[in-house]
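One structure below.
The values are calculated or read from the model by the stated rules, or taken from the named source; none is laboratory data. Since the structure is predicted, the reported quantities are computational estimates derived from the model, not experimental observations. FYI the Cβ positions are ideal-geometry reconstructions off the backbone, even for glycines, and counts take in every protein chain you see. These accessible areas exclude ligands, DNA and RNA; they are computed on the full protein's heavy atoms, side chains included. Shrake-Rupley method; radii C 1.70, N 1.55, O 1.52, S 1.80 Å.
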Amino acid sequence: MTLLNQTGTHRPNTRAELEKMLTPEVVGCYRVVNHECESESDLVQLGTTRDGTPALLNRHAIEADLRIVTGFIEPHFFAGFSGGPKG
């Protein structure tokens, strides 16, 4: 079993952070992998978006026999705005 920490474009979590989220016992007993968006070998292209941008997903998630998803997606304040805040 592999636990995949999907961090989006954020930095990978440290072991201490993973232990705080999952408990030291879980981190010690299971394979815990951080998603790393800059690691091309960890990404699989599953097509393109309407504007031609490659649709890249984590290889661990794509190649898993079974996926159980927990947690939530939290949108960022500026997500979806081009150019950021207007001042």
At a Förster distance of 25 Å, what's the computed FRET efficiency of His76 paired with Ser41, Cβ-Cβ distance as r, to 0.05?
-> 0.40
Mind ranking Cys29, Cys37 by accessible surface for me, highest first, 1.4 Å probe?
-> Cys29, Cys37
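In the chain, what % of DSSP beta bridges are antiparallel (nearest 5)?
Working: 4 of 8 bridges.
About 50 percent, rounded to the nearest 5.
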At 0.36 nm per residue, minus the direct Cα-Cα distance, what do Thr23 and Met1 gain on full extension? Give it in nm, one decimal, please.
-> 6.3 nm
At what distance in nm do the modelled label points of Arg50 and His10 sit from each other, each positioned 7 Å from its Cα along Cα→Cβ?
-> 2.9 nm
Could you give the longest part of the chain that holds none of the trypsin sites (Lys or Arg not before Pro) found in DSSP loops with at most 13 neighbouring Cβ atoms within 10 Å?
-> 1-49
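Leaving out ligands and nucleic acids, and using a 1.4 Å probe, what accessible area per residue does the chain come to in Å²?
On the way: 7420 Å² over 87 residues.
Per-residue value: 85 Å².
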